[in-house]
Structure formats: structure tokens, C-alpha cells
């Protein structure tokens, strides 16, 4: 495989993870425009551990992700009091705080960035992607997944059904932060060098765009959105400079004409039903 | 079973409930009636923990409800339906019912892998039975919002029953129903009472109230103006005035 | 020295106020956040810069930049808000994020991502007022901002259109029934909000003397902070919020290290969102 193709696939995998991290939180109707902050925490923590403390990459990434998820709880709990716009602003503020923190934090390089972390392979990235895909697939079919759907559908009624909405809403923040933390750790150990500007608002925004474009109602949407946005630049070489404008215009149009995104819940359900029928016919 | 004492609720300057006090004994069907805006649904919201009272206490089986979060109250065995049907629109009929089982079925992270345990099968059976009893079995895979109006009301009741409540709060369950459907509803409420459940019922349809309630409480402008058996209430002057007065005004 | 910093803070803060007013006008009217607002500010700055490069006098570039920014803001309303009136609130929000990215990319293609320098079009004179040194640039910025702020304040308070705006933001249905042309009010609000941001852009370019297509992100965010501190939907609150932030920023740079600056500002942002989301002057229903 060419180095070039490998690079594209690696970043695509990381994009998929970032998209899933946004999706996780979105399942409870909470929009986080600050997942780059969680990514940064995962990246810097794991990078510090491998480079300065000699921790092997696998546990380092996990520790980094756990650190990120701790912040997921720290953000998630107060976020319960904030609805809609306020929550979005809070996540924006959080990501900026994290970014400026690492810009000034000397032990991880400050403005000069952090050099050294390495060890990510394509297999590792897609191993994690697979883990989370299986996780979300199981979640969608489980009672917990139904609880989340209920919260998204009508939070108040969900409470009167005995569901602990508080736990669910904070829990998904924790989950989303964990996934973003993994993405950060993988990213750091792939790029060999990270600086705070790698985790700016655009990263958070793009992750959200992946999910919205792909379809915000199923996790497949996040995957498809991330894939499209990762592959598109390569097929649109001639438009390379105007790529971001295209994305922007594309999203604006999508929100007008097909706000549910490319992949809808009905689509996934129909696909699942069809597959079941075919499998059943094969077994007969 | 349910003790409502001096409950008041004010929204800013608007006093929706004023020192309301009454009891709901176990295994009875109690009616809560009154003109529109009397505060009936607000009272339901207070009981189920959706809103906090401005003052007063609500005791259920001896425990104080007023400081508890809504999901705790539901777990204690109080379930409700809503005046303007609030089903989970993105889910099927079956899923709506099953979600109500979740707090009992321990729908935690382990539920991702627990698909065929004996426990899960038991819950599935319960849901099936419930749906069959409410006449919704054939439509179990349909989107909840695609059901006919009367069926949606039945689904809401089924969902509330899936909580295995001891106290069931029904908010205008007969609203918008024709005679046949209302008859059917009365039968079902009888059945639910025979299951040993206590029912508190908000209704405007007098036939339903007379036909099924053991006892009736009447609210007007947030105050309890009368209570008694259905026949007593029908003859009560204050009640008649409340309703007639409203019609004229 | 302290007084000097205070003046610097007021100068910087007044530009933040202008941005914050734009956010708060739209928020008050539609209960929605226009995330592309910061990029409207950026575009205004670049328009002003291009015009200044053509040797246009400052006040003229300011006015034209304001109009241009106002138009862009109206475009945002047209594409991100109007078609999504009935949609879930996430729709317009995400759409403005996308539009913002579009604006940033267009600006990058037109002017490049390297810093662009703002030319000196006016003579910079320095005045000594007691212990304080003030430059004519500072005077221009503060006076212009003040004029705009007083203007918009009086406009909303006294004119019919201003009253229509307030009525619409309090209760759109009633306002509609009373004969207010809601669409016109909304478009007008977006135009004004954009124009103010455009003005802030040009003035900010005068302060920093060089701009990049990504300044909208930080300045936009600061504007949001100012809006929250002042109180969502509250015009005067936005003005005060902006000044407060400007002063904090300058004081921080003078007495602490610049590195802490954004952490303090966003930390304040957080505290307000958590414990006083209605800001200093706003009133909202607390979500229980």
C-alpha cells in the first residue's frame, strides 16, 4: 500500500471515531461542538505517557481516553442544566479552554508542540473503529439503546417511565469523550507531532458536519459522513482549495433539502429487515 | 394510599392550585373532575414529580413524594398517561411498551449482550401479554404514531401498565373517543381495577366518571370544591354552578 | 498606568460589544445562535482592508464594509434560518457552522491565509491627557463604537421598526397579528447585526493592523461570551459584557501573562453558563 493511501485511510479512521464521538452525545439531543477538546486531552495524555514515561502505546491510549472521559463527566453534569444553545456554547467554551491550556502548558511543549509519539498502525486504528461499530450495533438493539431513544424522543415522559435520564445524559458525554480521547491518542501516535492548534474549533465542527451529513439518527450516518468527507478531497483534487467551501455549501443545502442526512433510521431498519428475510430464506 | 395535603402551586402570579387536600384509598377508582383550567393536570404533574409544589405535601404509601425526581416516583409504582397523547413517536408499539420495563429489566450497559437470558424472555412475555390484552398485538411492529387515535390511547395505557404500577394516573383517557370506544375503555379500567390497582382519573366525560368512579373530587380554579360519590356530586350545587357558570361565562 | 490600560480595555471591549450586540439581537429575536456571525465580522474586516488598500478614506471603507457585512448576514438568514423555521433547532445551528466554514474558505481564497496588513490611511496622532497617552486611532475606534451603540440603542427603543423588533422577539405570533411584517423584521435584524459586526471587523483591523481569515473564530467566541455575560437578548447587557471582557483581557495581559488570558475569559464564560445563564441583566426561565 502506498504511503499516500495509508495516510488517507488512517485519517479516515480517525475521522470516523470523531464522528462517532459526536454521535454518541447526540443520541440524547445534546450537541457538542467541543469534542476536539476531548481529543486533545486524549492525545496529549497518551503522548506524554509514551514519550516521557515509557508506557506502551495501547495502555497509554486507554489512559488518555479515560482522562478524556473524566472530563466528559465534568462537562456532562453541569450540562444537564443547560438546554440547546447554552449547552452548545458551553462545549465551545470548553474546547477553547483546553486548546489554550495546552498552548501554554510547558510540560507538553506549549506553543512549540509535542514531538515524539509514534506507533499507530492502520490495523490499530481500524481495530478501534471495529470495536466501536460493534458497540453501537449492540447498543442499537439493546434495552439501553431504547432508553436513549426515549430520552431523545421525549425526555420528560422518559422520566415518568422510570428512566434515569440524568445518568443517561452524563453517560453519553462520558462515552463520546472516551471515543474522542481514543481518536486523539491514535492521532498523536500517527502524526509524531502534535500542537494545540491541531485541536481547534474546525476539528469539532467537522466532526459535527460528518454526523449531520451522514445522518444523525443512526451511527451508520456518522460513519458514512466521515468516509465521504475523507474520500471527497481525494476525488476532488482539482477543487482542492475550494474543498471547504464545497463542504459548507453542501451542508447548508442538506439542512434545507434533506435534514435527516443521507442515512436514515428507516433505511437502516429496512436494510436490516431485508437481510433478515434473505438469511431466513437461505436457512429454509 | 395517596395523601395530598395542602398542595398549592403558583406559576409566578398565577395560582393554579390552592391548598388542595384529599386522599385516594387503595384499590379504588377515584375521579378528578372540574372545568378546564381547574388545575387537574397540574396536580398530576406534581404527583409524578414533573413539577415541584409551591407548598404542601404528597404522601404515597407513607413516603413523601414532593422532593423526589420523576423517575424515582415512577419506580415506586406510580404511572401515568397524558392529556395530549405523548407516545414515543420514533418507536414501534412494542418498543414503547418495552421501554417502560427498562428500569425493572436493568437496562444498563450489560443489556448490550444480554439478549436471550431467561429474564429477558420473561419480560418479553409480559409485554406480549399486555399488548394482547389491550388489543394491540397485531400492530406491535407498527410505528406508534401510525395507529388510530383510540389505539394510541390504549397504547399509552399499556405503556403505563408495563411499569407494573400500583397507582395509575389517567389524564382524560376517554377524550376524543366515540361511544363504542368509551364503553371499551370502561371495561378496561374495570379490568385494571380487578388487577388490584388504584386509579386516579381526570375526565370530562360524565358517563365515564359516573360509570366507573367509586369516589369523585371536584376542582375549580385550583380549589377543591366538593368530594363524594358520583351520585352525590351530580346533585351538588357548587359543582353544578361551577360547570354551568363556566358555560355561561 | 492603570488608567492607560483601562482605556485600552474600553477600546478593545467596544469592538467586542459590537459583535456581541449582533449575536444578542438574533438570539433575542429567534432564540437561535448564528455561529457564522464571527465570520461575518471577519469578512467585514477584510472588506475594509481591501477598500483601504484602494486608498479609500477610512469612514467610507467603514460604511461600505458595514453594508457588505450586513448583506452577508442577510444571506445567512436566507439560507440557514428561513428555510429551517419549522426544523429542530440543531438545523440552523449546524447550517451556520457550515456557512461559517464556507466564509472562511472564500476569504482564504480571496485574500490568502497569510496575515494581511491593514494600510495606514490616516495620520496617527498622539494626545497626552494627563497621565494617559491616547492615539487618534483609539479615539476613532471608541467614538465610532459608541456612536453605533447609542445609535442602535435608540433605534430599538424609539423607532417603529425598533418597537416591531422588540415585539417580535417577545411574541412573534402576537406581533404578526398586530400587523408586524415578521419576515422584514428578521431580515432587518440580521442586516443590522451583520453591519455592526462588519464595523467591529474594520475597527479591530485598525487595532491589530493585521488579520487572517480565521480571526472570526476567536473574536466570534469572545462575542458570545460577552453576550452571555450581559444576558441573552439584552442589548445593553451585550455592550457592557463586551467592555467587561475587553478590560479583563487588557488587564490580564498587563498584569498577568498573556497565556492565561483566554482561560480566564472562557472560565468566566463557563461560570456564567453554569450559575447565572441569564447573565448580568437578562431574564430567562431556568430549566429545572
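In units of the rule-of-thumb radius 2.2 N^0.38 Å, region A:15-160 shows an alpha carbon radius of gyration of 1.17.
Computed over chain C, the quotient of the alpha carbon radius of gyration and 2.2 N^0.38 Å is 0.98. Per-residue shielding of A:92-103, expressed as the average number of other chain Cβ atoms within 10 Å of the residue Cβ, stands at 6. Calculated mean residue ellipticity, 222 nm, chain C: -24500 deg cm²/dmol, from DSSP H runs (n ≥ 4) at -39500 (n - 2.57) each, averaged per residue and rounded to 500. The Cα center of region A:243-284 and the Cα center of region C:212-231 differ in position by 36 Å.
Based on the Kirkwood radius over alpha-carbon pairs, what value in µm²/s does the Stokes-Einstein equation return for the translational diffusion coefficient of region A:117-189 at 10 °C and 1.306 mPa s? Before the final figure, lay out the partial values.
On the way: Rh = 13.9 Å.
Value of D from the Cα-based Kirkwood radius: 114 µm²/s.
Spatially, region C:13-64 and region A:140-211 are offset by 34 Å when compared through their Cα centroids. Principal semi-axes of the equivalent ellipsoid, √(5λ) from the alpha carbon gyration tensor of the protein assembly as shown, are 52, 35, 23 Å from largest down. Separation of region B:1-74 and region B:142-211, taken as the distance between their Cα centroids, equals 20 angstrom.
Its DSSP H runs of at least 4 residues, each contributing -39,500 (n - 2.57), put the calculated 222 nm mean residue ellipticity of chain A at -26000 deg cm²/dmol, to the nearest 500. Between the helical axis of A:201-214 and the longest alpha-carbon principal axis of chain A there is an angle of about 20 degrees.
Across peptide C:269-277, the average count of Cβ atoms from other chains found within 10 Å of a residue's Cβ is 5.
For chain C, modelled as a GNM whose springs connect Cα atoms under 10 angstrom apart, the maximal fluctuation among C:49, C:129, C:58 occurs at C:129.
Relative contact order for chain A: what is it in percent, counting Cα pairs under 8 Å that are at least 6 residues apart?
Numbers: 438 pairs, mean separation 91.1, N = 284.
Normalised by residue count, the contact order of chain A is 32 percent.
For region C:73-162, what percent of Cα pairs sit more than 21 Å apart? List each step's numbers first, then the result.
Values: 2633 of 4005 pairs.
Roughly 66 percent, once rounded to a whole number.
What relative contact order, as a whole-number percentage, does chain C give when Cα pairs under 8 Å and 6 or more residues apart are counted? Dividing the mean separation by the residue count of chain C yields 38 percent.
Which of A:99, B:122, B:166 has the fewest other C-beta atoms within 10 Å, and how do the rest follow up to the most?
Details: A:99 25, B:122 12, B:166 18.
Fewest to most other Cβ atoms nearby, the residues stand as B:122, B:166, A:99.
Among B:76, B:206, B:94, the residue with the largest mean-square fluctuation in a Gaussian network model of chain B, with springs joining Cα atoms closer than 10 Å, is B:206.
What shape does region C:12-171 have by the C-alpha gyration tensor, where a ≥ b ≥ c are the square roots of the eigenvalues, rounded means a/c under 1.5, and otherwise prolate means a/b greater than b/c and oblate the rest? Each step should come with its number before you reach the end.
Working: a/c = 2.41, a/b = 1.38, b/c = 1.75.
Here region C:12-171 falls in the oblate category.
To the nearest ten degrees, helix A:219-235 and the longest principal axis of the Cα atoms of chain A are 50 degrees apart.
How are the Cα pair distances of region A:3-283 distributed, in percent, across 10 Å bins from 0? Cα pair-distance distribution for region A:3-283, in percent: 7, 28, 35, 22, 7, 1, 0. Mean-square fluctuations from a GNM of chain A, with a 10 angstrom spring cutoff on Cα atoms, peak among A:242, A:128, A:220 at A:242. Estimated purely from DSSP H runs of n ≥ 4, each contributing -39500 (n - 2.57), the mean residue ellipticity at 222 nm for chain B is -11500 deg cm²/dmol once divided by its residues. Partner shielding of C:74-86 amounts to 2, given as the average count of beta-carbon atoms from other chains within 10 Å of each residue beta-carbon.
Computed packing ranks the peptides B:141-149, A:137-145, C:84-92, C:216-224 as C:216-224, A:137-145, C:84-92, B:141-149, most packed first, by mean other Cβ atoms within 10 Å.
Could you tell me how many degrees, from 0 to 90 and to the nearest 10, lie between the Cα long axis of helix C:58-76 and the main elongation axis, the longest principal axis, of the Cα atoms of chain C? The angle comes out at about 30 degrees.
One quarter of the surface of the convex hull around the alpha-carbon atoms of region C:1-68 equals 6.1 nm², the direction-averaged projected area. Here the Kirkwood formula puts the hydrodynamic radius of region B:2-248 at 18.9 Å, using every distinct Cα pair.
Restricting to Cα pairs below 8 Å that are 6+ residues apart, what does the relative contact order work out to for region B:2-248? Please round to a whole percent.
Values: 424 pairs, mean separation 70.3, N = 247.
Rounded, it is 28 percent for region B:2-248.
Note on region B:2-248: antiparallel DSSP beta bridges, both residues inside, total approximately 55 percent of the bridges counted.
Bear in mind these aren't lab numbers, they're just calculated from the coordinates by the rules spelled out. Since we're looking at a predicted model, the values are computed, not measured. Positions of Cβ are generated from backbone atoms using ideal geometry, with glycine treated the same way; all protein chains shown enter the neighbour counts.
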